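Undergrad: Sharing a structure, written as structure tokens. Questions coming.
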Amino acid sequence: MATDGSTSRSASPRSSSEGAFPRSPREEEEDDEKEALKWAAHEKLPSLGLQERQRLIDKLVKVTDVDNEKFMLKLRYRFDRVGIELPKVEVRYEHLNIEAEAFLASKALPTFTSFFTNIIEAFFNSIHILTTKKKHLTILKDVSGIIKPGRMTLLLGPPSSGKTTLLLALAGQLDSSLKVSGRVTYNGHDMNEFVPQRTAAYISQHDVHIGEMTVRETLAFSARCQGVGSRYDMLTELARREKEAGIKPDLFIDVFMKAAATEGQEANVLTDYYLKVLGLDVCADTLVGDEMVRGISGGQKKRLTTGEMMVGPALALFMDEISNGLDSSTTFHIVNSLRQNIHILNGTAVISLLQPAPETYDLFDDIILLSDGQIVYQGPCELVLDFFESMGFKCPERKSVADFLQEVTSRKDQRQYWVHREMPYRFITVQEFSEAFQSFHVGQKLTDELRTPLDKSKSHPAALTTKGYGVGMKELFKANISREFLLIKRNSFVYIFKLIQLSTMALVSSTLFFRANMNKDSVSDGGIYIGAMFFAVIMTTFNGMSDISMTVAKLPIFYKQRGLRFYPAWAYALPAWILKIPISFLEVSIWVFLTYYAIGFDPNIGRLFKQLLLLLFINQMASALFRFIAAAGRNMIVAMSFGSFALVVFFAFGGFVLSQ
């Protein structure tokens, strides 16, 4: 691993003991030379291979439950002893309202009639001829709160309460069609002052991955695109201060930090670390899989979705239903690892869980209880039961606190928790709970904190990211080239089948239009030659139709990663075109060299290469056309329908099937 000269080691006392017997000056000098040589080699550490990375991780975190916290404390201690403050992010949201307009009932169904009707209605709505038939929906209603660094925050609430929308709003990834009012700030800075998609990481509840890649390859690509953030600058400053103080760092910790801070590696040491922490090391080299390819389990996919964002440098994590498909033990271990990371390294985390087990619930410091788009409670977990007891509701001793909190606001379940038997029960609405929380001492303290704005000047320079992407455009392009080349190899059957198909049809065409039976005496004979050329154009065009299914299958991954600022659209699209040019050239060459002289076209070699070049351009045009149709259709059925229609139009207006 190449490192900058500023990250050099510092002089420090010899780590080996002197022994019981006195040593000669020569022996001590030899030991000093050996120590110096060892650290000189360490400074020029090359890129770690797979085996070296795994040995390093096993040395640092042999048993995750036991060693991970010790490892984190060692990292923190290295910064603390030279007085370096770690960057941290405090997220505030004030009077946040999110509203949407949507069709309900049959109008929302994607039928043939409603599709075109909605387009026509939208046009007339835009010119104010018709009033919209969309219904107004309030998703979040005047919510305010603070997400503090160094504390684990649990987001709890029944389904359809607005949890996902709140997480997306905090991560800066809301859909542009929503109506948003209010304010979200990071360390006092508004969203337009930095790049929230790279400062924070939103981890979706949907597991969207490329099935033909392995778990390790998926995490490595994510780490490569997200870059190292401020790790390199922090390490440079750390090494400088250690040198001034005469401190020698722990060898293995230093190797890990240098490897993690090196940009441009195809495989980062953080990939192996999170494979270990998330329990994915057992399936690291297994294909992710999809509906057609057998791969990892649903729980492992969920952990992969979590790890995909954690390998990046984001300081704030917003996790949406990360426990779906996981058993309670695995969920506990993952949340516990996150807790150690957040507490020790001053991270920021909001984690949405549907029904956390009691031992998992106890790992959190704060809780946000959301119901019907309103915040019922936000504050320390140990005070939430006091709030509801002040409202007349008590959690039974054997009842899970998380289940109680989700049921106490429900009209169906609330009555069973009413504690004042001598008083008549009355259903308490979410609005009443929300208003009561404002007068509760926790709510009052939160309101007072929100009234005091954060000082922007106190924000750590490395806390907020202002760059659009994690690495340079050249590195992003190289990463996408590598991935596309890998996918071509994994899908080699498709390309081999296309070559066999073309070869077979070329042989059929050669026998059908064999030169011994081809005359050149009349205009009608010329028509037969045109027919042979038109058949070549048809086959070359039709051969590109397989791009539709392959493009549609990868669209969800593209939209997800583009939204997370992994790469711009061009860095994804260009490699798919460039790497398929040699394949197109091979396909066209097979057709031309098998048919040209067999059919009896002009024997001039220049004419042969002109036909080859023409068919190559047609092949490229067809591939681009079908990729465009796939991107525009976004759905396999729609895209295939438009692709077939495009072929029909192409053949009909080609001037051969229908001649003037």
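Undergrad: Residue by residue through segment 298-322, note down the ones that are outside any helix (DSSP H, G or I) and within 23 Å of residue 213 (Cα to Cα).
TA: The answer is 311, 312, 313, 322.
Undergrad: Could you please find all residues in segment 607-643 being without any contact (Cβ under 8 Å) to a residue 40 or more places away in the chain, open to solvent by 50 Å² or more (accessible area, probe 1.4 Å) and farther than 13 Å from residue 544 by Cβ?
TA: 607, 609, 610, 613, 614, 632, 637, 638, 641, 642, listed by residue number.
Undergrad: Can you say whether residue 561 is of a type in the set (S, T, N, Q) and either closer than 30 Å to residue 529 by Cβ or open to solvent by 50 Å² or more (accessible area, probe 1.4 Å) (or both), as far as the supplied structure shows?
TA: No.
Undergrad: Of all helices (runs of 4 or more DSSP H) completely enclosed by segment 19-86, which ones contain at least 1 residues that are at pLDDT 60 or above, of a type in the set (S, T, N, Q) and within 39 Å of the chain's Cα centre (by Cα)?
TA: It comes to 50-60, 64-80.
Undergrad: While we're here: When residue 177 is evaluated against the numbered criteria (1) within 30 Å of residue 310 (Cβ to Cβ); (2) in contact (Cβ under 8 Å) with a residue 40 or more places away in the chain; (3) open to solvent by less than 80 Å² (accessible area, probe 1.4 Å), which criterion, by number, is the only one it fails?
TA: Unmet condition: (3).
Undergrad: Those residues that are touching a helix residue (DSSP H, G or I) at 6+ places or on another chain (Cβ under 7 Å), touching a residue at least 12 places away in the same chain (Cβ under 8 Å), closer than 17 Å to residue 478 by Cβ and part of a helix (DSSP H, G or I), I need them from segment 544-573; list them, please.
TA: 571, 572
Undergrad: Still on this structure, please answer the following. Please work out which one of (1) in contact (Cβ under 8 Å) with a residue 40 or more places away in the chain; (2) closer than 25 Å to residue 577 by Cα; (3) open to solvent by less than 70 Å² (accessible area, probe 1.4 Å) is the condition residue 485 fails and give its number.
TA: Here residue 485 meets the rest and fails (3).
Undergrad: Could you go through segment 286-302 and let me know if any residue there is among the charged types (D, E, K, R), within 23 Å of residue 198 (Cβ to Cβ), surrounded by 22 or more Cβ atoms within 10 Å (Cβ to Cβ) and out of contact with any Phe, Trp or Tyr (no Cβ under 7 Å at 6 or more places or on another chain).
TA: no
Undergrad: If we keep just the residues of segment 430-460 that are assigned to a loop (DSSP other than H, G, I, E, B) and either open to solvent by 50 Å² or more (accessible area, probe 1.4 Å) or in contact with a helix residue (DSSP H, G or I) (Cβ under 9 Å, 6 or more places away or on another chain) (or both), which is nearest to residue 373 (Cα to Cα)?
TA: Here the answer is 440.
Residue-by-condition table, conditions (1) closer than 23 Å to residue 588 by Cα; (2) outside any helix (DSSP H, G or I):
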residue	(1), (2)
462	no, yes
465	no, yes
483	no, no
488	yes, no
493	yes, no
497	yes, no
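Undergrad: A further question on this structure: Can you tell me which residues in segment 425-440 are within 19 Å of residue 92 (Cα to Cα) and not aromatic (Phe, Trp, Tyr)?
TA: Scanning segment 425-440 gives 434, 438.
Undergrad: Hey, another quick one. If you check residue 579 against the conditions, is it farther than 30 Å from residue 196 by Cβ, open to solvent by 70 Å² or more (accessible area, probe 1.4 Å) and touching a residue at least 40 places away in the same chain (Cβ under 8 Å)?
TA: no
Undergrad: Tell me which of these residue 116 doesn't satisfy, since it passes every other one: (1) open to solvent by 70 Å² or more (accessible area, probe 1.4 Å); (2) closer than 21 Å to residue 97 by Cα.
TA: It fails just one condition, (2).
Undergrad: From the set of residues in segment 156-173 that are among the hydroxyl-bearing types (Ser, Thr, Tyr) and in a helix (DSSP H, G or I), which is least open to solvent (accessible area, probe 1.4 Å)?
TA: Once the filter is applied, the top-ranked residue is 165.
Undergrad: If I filter segment 120-139 down to residues being more than 30 Å from residue 370 (Cβ to Cβ) and outside any loop (DSSP other than H, G, I, E, B), which single residue comes out as most open to solvent (accessible area, probe 1.4 Å)?
TA: Looking at the filtered set, the residue picked out is 123.
Undergrad: Here's a follow-up. Need a quick list: strands (runs of 3 or more DSSP E) entirely within segment 338-403 having at least 3 residues that are under 28 Å from the mean Cα position of the chain (by Cα).
TA: Answer list for segment 338-403: 348-352, 366-371.
Undergrad: Separate question: Cβ-Cβ under 7 Å, sequence separation 6+ or interchain: first residue in segment 86-108 and surrounded by 13 or more Cβ atoms within 10 Å (Cβ to Cβ), partner at pLDDT 90 or above and of a type in the set (Asp, Glu). Which pairs?
TA: Once the first residue is surrounded by 13 or more Cβ atoms within 10 Å (Cβ to Cβ) and sits in segment 86-108, its partners that are at pLDDT 90 or above and of a type in the set (Asp, Glu) give 97/142.
Undergrad: Return the residue satisfying two criteria in turn: it lies in segment 243-296 and is hydroxyl-bearing (Ser, Thr, Tyr) and part of a loop (DSSP other than H, G, I, E, B), and of such residues it is modelled with the highest pLDDT.
TA: 286
Undergrad: Just for segment 550-607: of the residues that are of a type in the set (D, E, K, R) and on the phi < 0 side of the Ramachandran plot, which one is farthest from the chain's Cα centre (by Cα)?
TA: Among residues in segment 550-607 that are of a type in the set (D, E, K, R) and on the phi < 0 side of the Ramachandran plot, the one farthest from the chain's Cα centre (by Cα) is 602.
Undergrad: Give just the number: which of (1) farther than 28 Å from residue 544 by Cβ; (2) surrounded by fewer than 17 Cβ atoms within 10 Å (Cβ to Cβ) does residue 492 not satisfy?
TA: Unmet condition: (1).
Undergrad: Which residue, of 405, 464, is closer than 22 Å to residue 350 by Cα and in contact with a His (Cβ under 7 Å, 6 or more places away or on another chain)?
TA: Criteria check complete, one pass: 464.
Undergrad: Given (1) open to solvent by less than 30 Å² (accessible area, probe 1.4 Å); (2) in a loop (DSSP other than H, G, I, E, B), where does residue 202 come up short, assuming only one miss?
TA: (2)
Undergrad: Restricting to segment 308-336, count the residues that are among the hydroxyl-bearing types (Ser, Thr, Tyr) and in contact with a Lys or Arg (Cβ under 9 Å, 6 or more places away or on another chain).
TA: 2
The values are calculated or read from the model by the stated rules, or taken from the named source; none is laboratory data. Nothing here was measured: the structure is a model prediction, and the numbers come from that model. Quick reminder, even Gly has a Cβ in these numbers, built from the backbone with ideal geometry, and neighbours come from all protein chains shown. Heavy atoms of the whole protein, side chains included, go into the accessibility calculation; ligands, DNA and RNA do not. Shrake-Rupley method; radii C 1.70, N 1.55, O 1.52, S 1.80 Å.
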